[in-house]
1. Could you give the semi-axes, largest first, of the ellipsoid that matches the range 1-41, computed as the square roots of 5 times the alpha carbon gyration tensor eigenvalues and rounded to whole Å?
2. For the pair Q14 and L35, what calculated FRET efficiency results from E = 1/(1 + (r/R0)^6), where r is the Cβ-Cβ distance and R0 = 35 Å, to the nearest 0.05?
Amino acid sequence: MKKPSSKIREEIVQLQAQLKLAETREAERIGRVALKAGLGEIEIDEGELQAAFDEIAGRFRGKGGKATGKRDGGAVEEPTATTTTVAAGATADGTGEV
């Protein structure tokens, strides 16, 4: 038995609403963590910040490229020069004061 197109469209609208709510929850969670870490006080270019988040996400992904949710689920790379330069505005002692 096939569904009429109107029913499928209704389901799509409901799924889009669910997706928007899920993305909002995720963004709020990540935002809270970022603020706790002091990222709200650091002046950093959005592109640099995106690159840093991409790097962090890569550290927590498993072999399949999806987040594992485990602390040691992905290969953790040793810090490199690019890792240390991402925190623009932070000093070597980690105080964040320039």
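1. Working: eigenvalues 289, 8, 4 Å².
The answer is 38, 6, 5 Å, longest axis first.
2. On the way: r = 32 Å, r/R0 = 0.91.
Approximately 0.65, to the nearest 0.05.
Taken together, the values in this text are just the output of simple stated rules run on the coordinates, not laboratory data. Every value quoted in this text rests on a predicted model; they were computed, and no experiment measured them. Every residue, glycine as well, gets a Cβ built from its backbone with ideal geometry; the counts of neighbours run over all protein chains shown.
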